[in-house]
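These notes concern the structure reproduced below.
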Amino acid sequence: MKVPKRAWNRLSCGQGAKGPRVYDWALVATADPRHHLLVRRSIANPTDLAYFYAHAPEGRSMALADLVTIAGIRWTVEEDFANAKDAVGLDHTQARRYRSWRRHVVLAMAALALLSVIASLDRREHPAPVLPTSPTADPPADFGQIALTVTGARRLFQLFTNLLRDLPAALATRRMAFHLHWSTWRRCHQARARWHHYKRRLTDPD
């Protein structure tokens, strides 16, 4: 399939860890007026294409910007699966019977729900991210820190559980304070990296 050069539109499909996720997009009509083929092209590598078969029910918008926004939120589903596998071992089972598989999945998803709530509460109380507003912006005195992720919540939860199990309460409390300080330091440096990634994207969007 060859898409005319003038058919491409450069749009962001949402915010990513390193700034706006900007791609070139094209919308190709099909035989059905309610179905279109949405094509995404990488700016850095124009031969890297992705395709989305888009359907809009009667009365719903088929505008390119709306379809790009919808395509951009697919990553949330992929992120949920990745967190379920990495954080709580959703795929770490070799069960041969449905009952065993169901027990594993229920426990894994319950653990993921707990960690998601912890991360969500931290995100709700977290200040808005500090981001550059122009390509010439000077670094701020305080970059802030990124919010706690599901994986980060799991790491701290598991660590604190082990400390409370293996050490006297006073020593476990001191160790927990140390690890909380380390987590804060790490997330502050991640916020610094995020700021510079965003500035780089503003300076050179390609």
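The values are calculated or read from the model by the stated rules, or taken from the named source; none is laboratory data. Note that this is a predicted model, so its numbers are computed, not measured. For the accessible areas, the whole protein counts, side chains as well, though only heavy atoms, and no ligand, DNA or RNA atoms are used. Shrake-Rupley method; radii C 1.70, N 1.55, O 1.52, S 1.80 Å.
With just the Cα atoms defining each centre, how far is the stretch 66-100 from the stretch 130-192? Give it in Å.
So the separation of the two Cα centres works out to 25 Å.
Picking from 12, 116, 134, which is most flexible by a Gaussian network model of the chain using Cα springs under 10 Å?
Among 12, 116, 134, the largest GNM mean-square fluctuation belongs to 134.
Of the candidates 147, 82, 56, which one comes out as most mobile in a Gaussian network treatment of the chain with C-alpha springs shorter than 10 Å?
Evaluated over the chain, the most mobile residue of the options is 56.
Answer rounded, prolate or oblate for the stretch 102-179, using the Cα gyration tensor with square roots of eigenvalues a ≥ b ≥ c: rounded when a/c is under 1.5, else prolate when a/b is larger than b/c, else oblate. Show your work: numbers first, answer last.
On the way: a/c = 3.75, a/b = 1.55, b/c = 2.43.
Oblate shape, in that a/c is at least 1.5 and b/c is the bigger or equal ratio.
Over the chain, what percent of the accessible surface lies on carbon and sulfur atoms, probe 1.4 Å? Walk me through the intermediate numbers first.
Numbers: 8060 of 14190 Å².
Carbon with sulfur: 57 percent of the solvent-accessible area.
Which values of log₁₀ I(q)/I(0), to two decimal places, follow from the Debye formula for the chain at q = 0.08, 0.16, 0.18 Å⁻¹ with a uniform point scatterer at every Cα?
Values returned for q = 0.08, 0.16, 0.18 Å⁻¹ are -0.44, -1.17, -1.24.
With springs only between Cα atoms under 10 Å apart, run a GNM on the chain and tell me which of 32, 91, 122 wobbles the most.
In this elastic network of the chain, the residue with the biggest mean-square fluctuation among 32, 91, 122 is 32.
Might you tell me the accessible area per residue for the stretch 63-206, computed with a 1.4 Å probe and given in Å²?
Working: 10090 Å² over 144 residues.
Computed with neighbouring chains in place, this is 70 Å² per residue.
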